[in-house]
Structures are given as structure tokens and as C-alpha cells.
Amino acid sequence: MRIVHKITTVAAVTATAAATVLALGGGVAFASPSAAAGGGAPSACRPANHTAKITPAPASSGHRHYRVTLTAAPGYAPCRLAGSPADVRFYHRGSLDPVAVGRYGSQHTAVTFGPGHPVHFDIQVPNAAPGARADEATFTLMAPGGEIPGKSSAHGALTVHAGTVVGPVQRGA
């Protein structure tokens, strides 16, 4: 009996408060991430909305290469990326490797990324011995107008060394 009385009282107070807000011309807006982005689905460029994987790529003269492929699941909105990722850091078993990373290539060419439109970028490492092993890279993606908030991460075995550079994002896996 007491529980029913409390529920009824809470419901009455809630209904009265809602009626007061509406009568005053105010309201409470509940925005979803997609609503904040202008409608539709959330952006595939947000770190939580894509996956990234590091795989070995064909070597070039004096360098090892690794390909970082980003893939978005169905249901996310396409977005535009440009240039090389920023603030790239490498980790091995959770420990940061202090290798400084540079950039190469055009930083202005924009590509579309989203479901069915994977993108990739290159990690180029000089063939200097011995190098440091890594199993994760974190990075900030770049849009044509600046950084995309948040850190993306990719997993896969690689070896890094001083002089490591990262290429611009390109179409395809």
C-alpha cells in the first residue's frame, strides 16, 4: 500500500513539473550524437565508430611498411578525412615507445570514409636494427578542417625506429 502511494505521488509531481515547463514555453531537449551532427547516423570518423588493424605491407628500398586499415560498420554516416594522422604513438604490451613520428605526402587530399568505404594509411620505418617492437598504435584522425576529437587505435605487430613517418589517409583497404 505504501509503495503504491509513493509511486502515485512521484507520478503526480513529475506530471505537474512537466505541465509547468510546457506552460512556461520551455522544454527539455534530449539530443543524441546523431542529432548533434545534423541528423542521420553518427559519424564513422569518431574513434568509437570504427576499427583499425595494422598489417605488414610490401617493403621498399631501405624501409619496412605497415598498412593501417580503418573500417566502419554499417549504420554510421560517411565522413571526410585528409592528410596523415596526428599525434601517433606506439605501444608494446601497454608501455609507450618514445619514437617520434613524422609525416609524409600530401596533407590536403580528402577521402570519404564510412561503411563500404574503408581507408588506410602507411607507416614507413627505416630498416635500422634492431628497432622497437609494438603491438598498438594510437592516433588522431584529421579532417579537411582540422582534427577529429578523440584517439583512434589500431592493433597488430610492427617494429618502429627513429625516422618513422606516417603517410596520408588513402581510399581502399
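Residues considered: ARG80, ARG93. Of these, the only one that is of a type in the set (D, E, K, R), open to solvent by 40 Å² or more (accessible area, probe 1.4 Å) and under 14 Å from ARG46 (Cα atoms) is ARG80. Of all residues being hydrophobic (A, V, I, L, M, F, W, C), closer than 25 Å to PRO144 by Cα and open to solvent by 20 Å² or more (accessible area, probe 1.4 Å) in region 57-77, which is modelled with the lowest pLDDT? Just the residue, please. Of everything passing the filter in region 57-77, ALA73 is modelled with the lowest pLDDT. When the test is whether a residue is open to solvent by 30 Å² or more (accessible area, probe 1.4 Å) and either in contact with a strand residue (DSSP E or B) (Cβ under 9 Å, 6 or more places away or on another chain) or in a strand (DSSP E or B) (or both), ASP122 does not pass it.
All conditions in (1) modelled with pLDDT under 95; (2) of a type in the set (A, V, I, L, M, F, W, C); (3) closer than 23 Å to ARG80 by Cα hold for ALA129, with the sole exception of (3).
Residues of region 132-147 that are closer than 21 Å to LEU81 by Cα and open to solvent by 50 Å² or more (accessible area, probe 1.4 Å): PRO144, GLY145, GLU147.
Mind checking which residues of region 125-151 are more than 11 Å from the chain's Cα centre (by Cα), among the small types (Gly, Ala, Ser) and under 18 Å from PHE90 (Cα atoms)? Spell out the reasoning first.
Taking region 125-151 and keeping what is more than 11 Å from the chain's Cα centre (by Cα), we get 125-137, 143-146.
Within this subset, residues satisfying the condition of being among the small types (Gly, Ala, Ser) are 128-129, 131-132, 134, 137, 143, 145-146.
If the condition is that a residue be more than 11 Å from the chain's Cα centre (by Cα), among the small types (Gly, Ala, Ser) and under 18 Å from PHE90 (Cα atoms), then ALA128, ALA129, GLY131, ALA132, ALA134, ALA137 are the ones that fit.
Within region 141-167, being in a strand (DSSP E or B) and hydroxyl-bearing (Ser, Thr, Tyr) holds for SER152, SER153, THR159.
Here ALA173 passes the criteria (1) under 13 Å from ILE54 (Cα atoms); (2) part of a strand (DSSP E or B) except the one numbered (2).
Against the definition (of a type in the set (Val, Ile, Thr), over 12 Å from CYS45 (Cα atoms), in contact with a Leu (Cβ under 8 Å, 6 or more places away or on another chain) and buried (at least 17 other Cβ atoms within 10 Å of the Cβ)), how does VAL99 come out, yes or no? The answer is no for VAL99.
If I filter region 148-157 for residues that are open to solvent by 40 Å² or more (accessible area, probe 1.4 Å), more than 22 Å from PRO42 (Cβ to Cβ) and touching a strand residue (DSSP E or B) at 6+ places or on another chain (Cβ under 9 Å), do I get at least one hit?
Taking region 148-157 and keeping what is open to solvent by 40 Å² or more (accessible area, probe 1.4 Å), we get 149-151, 153, 155, 157.
Filter once more, keeping what is more than 22 Å from PRO42 (Cβ to Cβ): 155, 157.
Retained after the next criterion (residues that are touching a strand residue (DSSP E or B) at 6+ places or on another chain (Cβ under 9 Å)): 155, 157.
Within region 148-157, one or more residues are open to solvent by 40 Å² or more (accessible area, probe 1.4 Å), more than 22 Å from PRO42 (Cβ to Cβ) and touching a strand residue (DSSP E or B) at 6+ places or on another chain (Cβ under 9 Å).
Of all residues in region 38-53, those that are in a loop (DSSP other than H, G, I, E, B), open to solvent by 20 Å² or more (accessible area, probe 1.4 Å) and closer than 19 Å to ALA154 by Cβ total 1.
The values are calculated or read from the model by the stated rules, or taken from the named source; none is laboratory data. This is a predicted model, so every value here is computed, not measured. Because the Cβ atoms are built from the backbone with ideal geometry, glycine has one as well, and the counts that use them run over all protein chains shown. For accessibility, only protein heavy atoms count, side chains too; no ligands or nucleic acids. Shrake-Rupley method; radii C 1.70, N 1.55, O 1.52, S 1.80 Å.
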